[in-house]
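Engineer: Below you'll find the structure I mean.
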Amino acid sequence: MSLQVDNLSVYYRTLRGEVKAVDGVTFSIGDGEIMGLAGESGCGKSTLGKSLIRLTGRMRHVDGKVALDDETLPLDDNRAMDKYRFKRISIVPQYAMSALTPTRKVGKIIEELLESRGVPYESVRAELERRLSLVGLSQDVLGMYPIELSGGMKQRTVMVLSTLLNPALLIADEITSALDVSTQKAVAETLVEFRDRGYVKSTIVITHDLAILYQVADSILVMYAGRLAEKAPADVIIESPRHPYTQLLISSLPEVGVTYAENRLTGIPGRPPPLLDPPKGCRFRHRCPLAFDKCVEQPPFVEVEPNHRVACWATAPPS
Amino acid sequence: MKWYLARKLLLYLLTFVVAVTIDWAIPRLMPGDPVSGLIARLQADPTAAQEMHGYYTESFGLDEPLWRQYLNFWLGLFHGDLGPSIAYVGSRVTDLIKTAIPYTLALLVPAIVLSYIAGNRVGAMAARRKVLDNTALPVSYVLTATPYMWLALVLAYIFAFRWQVFPVSGAYDFALQPEWSWEFAKSFLYHWTLPFLTLFLVSFGGWAIGMRNLIIYELEADYANYLQDLGAPNRLVRRYAYRNAVLPQMSGLALALGAVVGGALVTEIVFGYPGVGSLIITAIQNRDYFLLQGIFLFIILGVLIANFIVDIAYVIVDPRTRTGLQGS
Amino acid sequence: METTESTETVVAGTVVAKTASAEPQRKRSETLYFALRNKKLVIGLSLVLFLLLFAIFGPMFTDKDPFEFYEAYGEPPSKEHWFGTTSPGQDVYAQFVYGLRSSFIVGAVAGCVAAAIGMAVGFAAGYRGGVVDEILTMLTNVVLVIPTIAVLIIVSAYLTVGSLLWEAVLIGVTSWPWAARAIRAQTFSLVSRDFVSLARLSGQSGWKIIVKEIAPNMSSYLFLTFILLFGGSILIAATLDFLGLGPVEVMSLGLMLNVSVSNSALQLGMWWWFVAPGVGITAIVAGLYVMNVGLDEVFNPRLRRT
């Protein structure tokens with residue numbers, strides 16, 4: 001097991017109280033696995049991704065633990081986490097377009113970052129150039145300022161930089177949402193290629209776009225309102241989902257040729273519960289066509305088949 | 001890059017033309033006959049008034065058509081002739097300004113450069129650091145809100161009147177003549193300290209506040225978050241933040257120049273420092289309009305040149321202006 | 001971030017409409033909550049209010065006139081003359097409270113004038129764009145580079161500024177450029193938003209859109225700009241008065257400093273003559289600046305430190 005997450009809860013501190021963005025989440029990712037993390041915006045998937053690498057000012061680790069290759073991560077200790085960042089856990093952020101400081105040359109940024117982490121630039125320089133050419137960039141980009149690169153070039157540069165030290169876990173946070181369809185495909189393929197070449201061991205791909213996940217992911221984890229709804233191999237999630245929420249999510253997927261905007265209109269009626277004070281029991285029950293009285297209790301995340309877990313009283317009652 | 005600087009240069013040229021035009025037009029836009037107005041305020045006796053009327057009319061060239069007057073004004077300017085001084089009888093305005101300017105520059109240039117550097121450093125250090133922020137920030141706010149002449153008065157009162165560690169006024173000892181000697185340099189520095197400190201402190205406050213706020217914004221920027229996600233030490237993140245925050249601070253420098261120049265003028269007056277400020281107060285008190293007009297042009301010219309220097313520095317720091325891409 | 005997203009997610013028009021009406025109210029109470037909790041705002045505002053009250057009611061506590069001469073020449077503060085007297089025998093307290101009044105009046109009027117011009121130019125440039133923008137930006141830049149104080153010196157030397165109002169208008173007319181530039185940038189970012197395009201499509205006139213759609217959406221920003229103009233104008237007025245270019249029939253803090261310097265208060269060690277006016281100016285302006293930062297933090301959640 002590459003990554004093991006146990007009962008992880010991460011809350012956001014706000015004025016009106018704590019927002020339970022990630023609430024008691026348990027799952028694991030195997031070596032070489034690319035796991036998609038899907039759900040509506042605001043379901044906590046981004047918070048989950050971020051909390052694995054760095055808790056920002058308002059995020060609070062409430063409960064649970066995370067182990068990477070059997071080593072427990074010191075999530076609460078920002079200093080101690082530094083040791084793992086970049087080298088063992090890395091991230092390709094949502095904002096790849098602005099991830100590089102505008103007043104430094106790309107090569108200089110990479111050099112200074114590496115040196116600050118105790119990695120001599122010269123020792124990885126050759127590998128860096130090889131990987132850049134792998135994603136179709138000449139080594140000239142190292143001598144350019146970020147503003148001289150196109151959006152796609154920046155995205156690829158950031159992907160190469162983030163994975164340069166062969167991390168065990170890569171978090172790709174909504175990296176395709178700002179791109180056009182053909183670029184999306186290229187980026188998705190790069191993720192797979194990086195895994196195949198062993199640049200990264202396991203990957204979490206966070207997105208609200210299931211179509212992308214179908215292309216790249218081995219497994220898909222669906223979140224709803226801070227909790228896990230379902231996790232299964234990608235084709236199982238797409239073809240025979242068990243959780244009513246997953247089913248609705250899949251059925252709302254566009255047919256080929258139908259645009260994303262139209263898809264939105266036929267989305268799932270209702271909206272997720274407020275995470276400030278979420279209702280007890282299954283959090284989907286107010287929108288769920290199958291809800292019944294049992295649903296006022298929190299359903300367990302049970303394994304219905306090997307590698308297929310679902311949290312639903314109606315479709316996956318625990319035996 | 002060339003285009004960027006050329007555009008700026010064009011702007012400054014235009015500004016200079018506008019300034020010269022204002023300078024030329026103001027006496028002529030006055031309600032009624034400007035010369036009579038001037039003389040009435042001088043309260044001279046009738047015969048003298050008669051004489052002065054002729055003198056002024058000729059000096060202004062008021063008997064010629066307007067376009068001719070305007071042209072003459074420019075011609076005079078190119079010959080370095082800004083007319084005669086009234087307060088300092090027998091002196092040319094240009095010569096008076098030439099003598100005063102080194103003193104003003106000696107105060108201004110070090111004060112601007114050093115306060116900019118120190119303010120930026122302290123502001124950057126204070127950002128997101130509780131103890132320093134809670135001390136440096138309030139002090140900076142008070143400093144930047146202080147009128148220059150008042151800080152000058154307070155410093156003079158404490159250090160010159162009470163403790164007598166620095167002289168109250170002048171730029172050098174009365175017994176000395178300006179020359180290149182050790183003795184003069186020592187005396188000069190001794191007299192220079194308090195007025196310099198006044199300018200330095202007030203400007204320092206502004207830079208420190210500006211930098212602190214900019215750094216706070218920069219530390220929230222995407223690149224800062226990405227670097228922290230990759231475990232970069234704070235040192236590196238702050239260095240990048242500083243590099244980016246310096247750019248708006250430099251644009252701010254150009255804007256602040258006018259205020260610092262104003263500060264230098266009033267500071268000189270408090271300390272009786274023989275720069276342009278003292279010249280201005282004499283000119284105002286004696287209604288020496290030629291001198292005022294001349295000083296106005298020199299101040300504008302100085303600020304424009306300083307602006308251009310800042311622009312060149314900006315190009316060196318900001319790659320966006322250098323790579324031919326649009327800089328802000 | 002996630003929290004705001006979750007309240008405005010996807011679909012179902014009815015739900016969205018329902019929350020939309022509840023939103024502003026919650027926002028307002030939240031702003032007030034932050035406002036009261038913000039130390040900078042509370043300190044700055046109290047300071048400014050205290051001085052404002054002092055300027056309004058201060059003169060009522062004294063029967064002395066700022067221009068009257070009393071038979072106490074250059075005396076330090078005493079029971080009879082709370083802030084002491086000047087060397088010709090004027091009462092410093094009376095001068096100070098009336099001077100404080102002048103400062104507030106000049107600051108407010110000049111701030112309004114500058115804000116009005118800055119808004120007119122900034123809105124027009126940002127909304128119209130194109131040639132109008134080019135010309136207005138050029139004009140703004142030209143006025144921006146010319147030092148305000150230099151223009152004011154030359155203008156007021158000729159005009160002999162007789163009244164506070166006149167002085168304030170002159171200051172306002174010369175100190176708007178940075179405000180115009182800032183407002184232009186803000187307007188630019190708003191013009192591309194949906195609600196503006198919608199108003200445009202519905203055929204509303206340009207100024208109506210600016211007044212109804214754009215200005216309200218940057219009202220907090222405009223207010224902050226006004227405060228800075230207010231404080232800046234007070235400092236400029238003090239400088240002009242100090243140079244002897246302000247009105248001489250009206251008492252002002254700058255004029256007090258002018259007279260104290262020309263009467264060698266410093267060399268005579270008469271600190272009470274120049275300390276009060278300087279403290280007054282510094283306190284108002286510092287109060288305004290600190291209040292400005294506090295308000296900025298209240299309006300911009302990004303600056304808040306939790």
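The values are calculated or read from the model by the stated rules, or taken from the named source; none is laboratory data. Being a predicted model, the structure only gives us computed values, none of them experimental. Quick reminder, even Gly has a Cβ in these numbers, built from the backbone with ideal geometry, and neighbours come from all protein chains shown.
Engineer: Being surrounded by fewer than 23 Cβ atoms within 10 Å (Cβ to Cβ), under 30 Å from A:A168 (Cβ atoms) and among the polar types (S, T, N, Q) narrows it down to one residue among B:N213, B:N234; which is it? Even if it seems obvious, please write down each step before you answer.
Structural biologist: Details: B:N213 fails: under 30 Å from A:A168 (Cβ atoms).
Exactly one of B:N213, B:N234 is surrounded by fewer than 23 Cβ atoms within 10 Å (Cβ to Cβ), under 30 Å from A:A168 (Cβ atoms) and among the polar types (S, T, N, Q), namely B:N234.
Engineer: Which fully enclosed helices (runs of 4 or more DSSP H) of region C:206-306 have 3 or more residues being in contact (Cβ under 8 Å) with a residue 24 or more places away in the chain? Spell out the reasoning first.
Structural biologist: Numbers: elements: C:206-209, C:219-242, C:253-262, C:271-299.
Ranges flagged: C:219-242, C:253-262, C:271-299.
Engineer: Every residue in region A:112-124 that is part of a helix (DSSP H, G or I) and either within 7 Å of chain B (Cβ to nearest Cβ) or surrounded by fewer than 20 Cβ atoms within 10 Å (Cβ to Cβ) (or both), please. Break it down into steps so the answer makes sense when it comes.
Structural biologist: First pass over region A:112-124, keeping only residues part of a helix (DSSP H, G or I): A:112-116, A:121-124.
The answer is A:E112, A:L113, A:E115, A:S116, A:Y121, A:E122, A:S123, A:V124.
Engineer: Please state which one of B:V109, B:V113, B:V93 is surrounded by 14 or more Cβ atoms within 10 Å (Cβ to Cβ), closer than 29 Å to B:V303 by Cβ and not polar (S, T, N, Q). Spell out how you get there, then give the answer.
Structural biologist: Details: B:V109 fails: surrounded by 14 or more Cβ atoms within 10 Å (Cβ to Cβ); B:V113 fails: surrounded by 14 or more Cβ atoms within 10 Å (Cβ to Cβ).
The unique qualifying residue is B:V93.
Engineer: Tell me yes or no: at least one residue of region C:129-139 is within 14 Å of chain B (Cβ to nearest Cβ), surrounded by fewer than 22 Cβ atoms within 10 Å (Cβ to Cβ), under 30 Å from B:F298 (Cα atoms) and not hydrophobic (A, V, I, L, M, F, W, C).
Structural biologist: There is at least one residue in region C:129-139 that is within 14 Å of chain B (Cβ to nearest Cβ), surrounded by fewer than 22 Cβ atoms within 10 Å (Cβ to Cβ), under 30 Å from B:F298 (Cα atoms) and not hydrophobic (A, V, I, L, M, F, W, C).
Engineer: Give the number of residues within region B:276-288 that are facing another protein chain (nearest Cβ under 10 Å), more than 11 Å from the chain's Cα centre (by Cα) and part of a helix (DSSP H, G or I).
Structural biologist: Applying the first criterion (facing another protein chain (nearest Cβ under 10 Å)) to region B:276-288 yields B:277, B:280-281, B:283-285, B:287-288.
From what is left, the residues that are more than 11 Å from the chain's Cα centre (by Cα) are B:280-281, B:283-285, B:287-288.
So of that shortlist, the ones also part of a helix (DSSP H, G or I) come out as B:280-281, B:283-285.
Qualifying residue count for the region: 5.
Engineer: If a residue must be within 11 Å of chain B (Cβ to nearest Cβ) and touching an Asp or Glu at 6+ places or on another chain (Cβ under 8 Å), how many such residues does region C:223-240 contain?
Structural biologist: If we filter region C:223-240 for residues that are within 11 Å of chain B (Cβ to nearest Cβ), which is where we start, we get C:231-232, C:234-240.
Subset that is touching an Asp or Glu at 6+ places or on another chain (Cβ under 8 Å): C:237, C:240.
Residues in region C:223-240 being within 11 Å of chain B (Cβ to nearest Cβ) and touching an Asp or Glu at 6+ places or on another chain (Cβ under 8 Å): 2 in total.
Engineer: A further question on this structure: Starting from residues that are in a loop (DSSP other than H, G, I, E, B) and closer than 15 Å to A:K20 by Cα, keep the ones in region A:36-55 and report whichever is farthest from the other protein chains (Cβ to nearest Cβ). Working first, answer last.
Structural biologist: The first filter runs over region A:36-55 and keeps only residues in a loop (DSSP other than H, G, I, E, B), leaving A:39-44, A:52-55.
Narrowing the set further to residues that are closer than 15 Å to A:K20 by Cα leaves A:41-44, A:55.
Numbers: A:S41: 5, A:G42: 3, A:C43: 8, A:G44: 7, A:L55: 11 Å.
So the residue we want is A:L55.
Engineer: Also, I was wondering about something else. Step by step: first the residues of region A:216-235, then only those that are outside any strand (DSSP E or B) and crowded, with 18+ Cβ neighbours inside 10 Å, then the one that is nearest to the chain's Cα centre (by Cα). Which residue is that?
Structural biologist: Of the residues in region A:216-235, the ones outside any strand (DSSP E or B) are A:216-218, A:225-226, A:234-235.
When the remaining residues are screened for being crowded, with 18+ Cβ neighbours inside 10 Å, the result is A:216-218, A:225-226, A:234.
On the way: A:V216: 13, A:A217: 11, A:D218: 13, A:A225: 15, A:G226: 14, A:A234: 15 Å.
Residue satisfying both the conditions and the ranking: A:A217.
Engineer: Scan region C:241-257 residue by residue and report those that are at the interface with another protein chain (Cβ under 8 Å from one of its Cβ atoms) and farther than 29 Å from C:T225 by Cβ. Please lay out each step first, then the result.
Structural biologist: Within region C:241-257, the first condition is being at the interface with another protein chain (Cβ under 8 Å from one of its Cβ atoms), and the residues that meet it are C:242-245, C:254, C:257.
Across region C:241-257, the qualifying residue is only C:G244.
Engineer: Something else: Test B:I312 against the stated conditions and say whether it is more than 14 Å from chain A (Cβ to nearest Cβ) and within 16 Å of B:V93 (Cβ to Cβ).
Structural biologist: Numbers: more than 14 Å from chain A (Cβ to nearest Cβ): yes; within 16 Å of B:V93 (Cβ to Cβ): no.
For B:I312, the condition - more than 14 Å from chain A (Cβ to nearest Cβ) and within 16 Å of B:V93 (Cβ to Cβ) - is not met.
Engineer: Quick one: how many residues across region B:183-231 are of a type outside the set (D, E) and within 14 Å of chain A (Cβ to nearest Cβ)? Even if it seems obvious, please write down each step before you answer.
Structural biologist: So in region B:183-231, the residues of a type outside the set (D, E) come out as B:184-217, B:219, B:221, B:223-228, B:230-231.
With within 14 Å of chain A (Cβ to nearest Cβ) added as a condition, the list becomes B:214-217, B:219, B:221, B:223-228, B:230-231.
Qualifying residue count for the region: 14.
Engineer: Quick test for you: out of C:T225, C:T187, pick the one residue that is more than 27 Å from B:Y141 (Cα to Cα) and either surrounded by 21 or more Cβ atoms within 10 Å (Cβ to Cβ) or within 20 Å of the chain's Cα centre (by Cα) (or both). Can you show your working first?
Structural biologist: Numbers: C:T225 fails: more than 27 Å from B:Y141 (Cα to Cα).
Among C:T225, C:T187, only C:T187 is more than 27 Å from B:Y141 (Cα to Cα) and either surrounded by 21 or more Cβ atoms within 10 Å (Cβ to Cβ) or within 20 Å of the chain's Cα centre (by Cα) (or both).
Engineer: Now for a different question. If the requirement is being touching a residue at least 60 places away in the same chain (Cβ under 8 Å), under 28 Å from B:R243 (Cβ atoms) and touching a Ser or Thr at 6+ places or on another chain (Cβ under 7 Å), which of these qualifies: A:S162, A:S202? Give the derivation first.
Structural biologist: Details: A:S202 fails: under 28 Å from B:R243 (Cβ atoms).
Matching residue, one of A:S162, A:S202: A:S162.
Yes/no matrix, rows are residues, columns are (1) within 14 Å of chain B (Cβ to nearest Cβ); (2) farther than 25 Å from B:A156 by Cβ; (3) modelled with pLDDT under 90:
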position: C:I210; (1), (2), (3): no, yes, yes
position: C:S219; (1), (2), (3): no, yes, yes
position: C:V259; (1), (2), (3): yes, no, no
position: C:I284; (1), (2), (3): yes, no, no
position: C:N292; (1), (2), (3): yes, yes, no
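Engineer: For residues in region C:87-146 being polar (S, T, N, Q) and outside any helix (DSSP H, G or I), which is modelled with the highest pLDDT?
Structural biologist: Applying the filter and picking the extreme gives C:Q90.
Engineer: Going by the conditions given, is B:G252 over 29 Å from C:W176 (Cβ atoms) and either more than 8 Å from chain C (Cβ to nearest Cβ) or aliphatic (A, V, I, L, M) (or both)?
Structural biologist: Values: over 29 Å from C:W176 (Cβ atoms): no; either more than 8 Å from chain C (Cβ to nearest Cβ) or aliphatic (A, V, I, L, M) (or both): yes.
Answer is no for this residue.
Engineer: Next up: Restricting to region A:62-105, count the residues that are touching a residue at least 60 places away in the same chain (Cβ under 8 Å), assigned to a strand (DSSP E or B), of a type outside the set (G, A, S) and under 18 Å from A:S116 (Cβ atoms).
Structural biologist: 2
Engineer: If the requirement is being under 18 Å from the mean Cα position of the chain (by Cα) and under 22 Å from B:N234 (Cα atoms), which of these qualifies: A:T101, A:T56? So that I can check it myself, show each step before the final result.
Structural biologist: Numbers: A:T101 fails: under 18 Å from the mean Cα position of the chain (by Cα).
The match here is A:T56.
Engineer: Among the residues of region B:289-310, which ones are closer than 19 Å to B:Y103 by Cβ, touching a residue at least 60 places away in the same chain (Cβ under 8 Å) and more than 15 Å from the chain's Cα centre (by Cα)?
Structural biologist: B:L291, B:G294
Engineer: Which of the residues spanning region B:121-168 are in a loop (DSSP other than H, G, I, E, B), crowded, with 18+ Cβ neighbours inside 10 Å and at the interface with another protein chain (Cβ under 9 Å from one of its Cβ atoms)?
Structural biologist: Of region B:121-168, the ones in a loop (DSSP other than H, G, I, E, B) are B:127-129, B:146-147, B:163-168.
Checking which are crowded, with 18+ Cβ neighbours inside 10 Å leaves us with B:127, B:146-147, B:166-168.
Answer for region B:121-168, where residues must be in a loop (DSSP other than H, G, I, E, B), crowded, with 18+ Cβ neighbours inside 10 Å and at the interface with another protein chain (Cβ under 9 Å from one of its Cβ atoms): B:T146, B:P147, B:V168.
Engineer: Any idea which of (1) surrounded by fewer than 19 Cβ atoms within 10 Å (Cβ to Cβ); (2) in a loop (DSSP other than H, G, I, E, B) is the one C:L53 doesn't satisfy?
Structural biologist: Going through (1) surrounded by fewer than 19 Cβ atoms within 10 Å (Cβ to Cβ); (2) in a loop (DSSP other than H, G, I, E, B) one by one, C:L53 breaks only (2).
Engineer: Only one residue in A:L191, A:L170 is under 14 Å from the mean Cα position of the chain (by Cα), modelled with pLDDT under 95 and not in a loop (DSSP other than H, G, I, E, B). Which one? Please lay out each step first, then the result.
Structural biologist: Numbers: A:L170 fails: modelled with pLDDT under 95.
Testing whether each residue is under 14 Å from the mean Cα position of the chain (by Cα), modelled with pLDDT under 95 and not in a loop (DSSP other than H, G, I, E, B) leaves just A:L191.
Engineer: Quick check: anything in region C:149-168 among the hydroxyl-bearing types (S, T, Y), within 12 Å of chain B (Cβ to nearest Cβ) and assigned to a helix (DSSP H, G or I)?
Structural biologist: Going through region C:149-168, the residues among the hydroxyl-bearing types (S, T, Y) turn out to be C:156, C:158, C:160, C:163.
Cutting the leftovers down to within 12 Å of chain B (Cβ to nearest Cβ) gives us C:156, C:158, C:160.
Among the residues that remain, those that are also assigned to a helix (DSSP H, G or I) are: C:156, C:158.
Yes.
Engineer: While we're looking at this one, here's another question. Would you say B:A118 is modelled with pLDDT of 95 or more, among the aliphatic types (A, V, I, L, M) and surrounded by fewer than 18 Cβ atoms within 10 Å (Cβ to Cβ)?
Structural biologist: So B:A118 passes the test.
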